[in-house]
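> Before I ask anything, let me first share the structure, which is written out below as structure tokens.
The values are calculated or read from the model by the stated rules, or taken from the named source; none is laboratory data. The structure displayed is predicted, hence computed values, not measured ones. Counting neighbours? That spans all protein chains shown, and the Cβs are built from the backbone with ideal geometry, glycine included.
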Amino acid sequence: MKDKGKINNSLNLLVDDLRLALKGDAFWENYLEQLNKPCLEPFALHLAVLVEPYLQFILDGQKTVESRFATRRFAPYQRVQKGDIVLLKRSSGAIVGICQVAYVWFYELDPESWQTIKEKFTAAICAQDNKFWEDREKASYATLMRIQNVKPISPVKFVKRDRRGWVVLHENIGQLELDLWK
């Protein structure tokens, strides 16, 4: 089991690097400041690993919905929600952007949900051709996230050694805990 103190320290260093990269952006400075408030964790922090051309489509504002398809219930399925932060990491590279989740849709895929996704989201997810859908046809679950406040940032190094395309770095606690022993 990983040392929780070491993980928290790494997360704090990452957040410090993000604050530096976002210095001067009023929205992101204020939003990240919420992480400093004790007992209040209003959002989760996620890392999305992206390949081209999709990363650039997001950074340019052309791609407004990030999609993740999976054969099993892996994150971000049922683990991401409105208000969460998604760090945009280049595959085999640094974190180069940040965005906020505006809305989330979760699907257990069947012919009807596939049709709905294709009809409603093809343009927003920048599904350029049939190969996009062919590469995902064995999926059983889909998570679609409308993103907003997209901001390219100076590269922030982040060491990630596994092959996951999505990592939950910090969970939202969901509610305040009561200390009944005071």
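> With respect to LYS131, determine if the residue is charged (D, E, K, R), touching a helix residue (DSSP H, G or I) at 6+ places or on another chain (Cβ under 8 Å) and over 20 Å from ALA48 (Cα atoms).
Criteria not met by LYS131.
> Restricting the search to segment 55-79, which residues are assigned to a strand (DSSP E or B) and among the basic types (Lys, Arg)?
ARG68
> Being among the hydroxyl-bearing types (Ser, Thr, Tyr), without any contact (Cβ under 8 Å) to a residue 40 or more places away in the chain and either touching a strand residue (DSSP E or B) at 6+ places or on another chain (Cβ under 9 Å) or over 20 Å from ILE117 (Cβ atoms) (or both) is true for just one of SER67, SER10. Which residue is that?
Result of the check over SER67, SER10: SER10.
> Restricting attention to segment 49-90, which residues are among the small types (Gly, Ala, Ser), within 13 Å of the chain's Cα centre (by Cα) and within 14 Å of ARG146 (Cβ to Cβ)?
SER67, GLY83
> Checking the structure you have, find out if any residue of segment 44-61 is at pLDDT 95 or above and of a type in the set (S, T, N, Q).
Checking segment 44-61: at least one residue is at pLDDT 95 or above and of a type in the set (S, T, N, Q).
> Within segment 109-126, how many residues are in contact with a strand residue (DSSP E or B) (Cβ under 8 Å, 6 or more places away or on another chain) and within 22 Å of GLY61 (Cα to Cα)?
4
> Could you figure out which of (1) part of a loop (DSSP other than H, G, I, E, B); (2) surrounded by 17 or more Cβ atoms within 10 Å (Cβ to Cβ); (3) not aliphatic (A, V, I, L, M) isn't true of LYS82?
(2)
> Another one. Taking segment 134-147 as the region of interest, how many residues are touching a strand residue (DSSP E or B) at 6+ places or on another chain (Cβ under 6 Å) and either within 18 Å of TYR54 (Cβ to Cβ) or at pLDDT below 95 (or both)?
Adding up the residues that qualify gives 8.
> Any residue at all in segment 77-87 that's of a type in the set (S, T, N, Q) and at positive phi?
Looking for residues that are of a type in the set (S, T, N, Q) and at positive phi, one finds at least one in segment 77-87, hence yes.
> To continue, here is another question. Can you confirm whether LEU88 is modelled with pLDDT of 95 or more, surrounded by 18 or more Cβ atoms within 10 Å (Cβ to Cβ) and not in a strand (DSSP E or B)?
Considered against the rule, which asks whether it is modelled with pLDDT of 95 or more, surrounded by 18 or more Cβ atoms within 10 Å (Cβ to Cβ) and not in a strand (DSSP E or B), LEU88 comes out as no.
> Condition check: over 20 Å from GLU171 (Cα atoms), surrounded by 19 or more Cβ atoms within 10 Å (Cβ to Cβ) and hydrophobic (A, V, I, L, M, F, W, C). Does ALA70 satisfy that?
When the stated conditions are applied, ALA70 passes them.
> Residues being within 13 Å of the chain's Cα centre (by Cα) and part of a loop (DSSP other than H, G, I, E, B): count how many of those fall in segment 122-171.
Number satisfying all stated conditions: 3.
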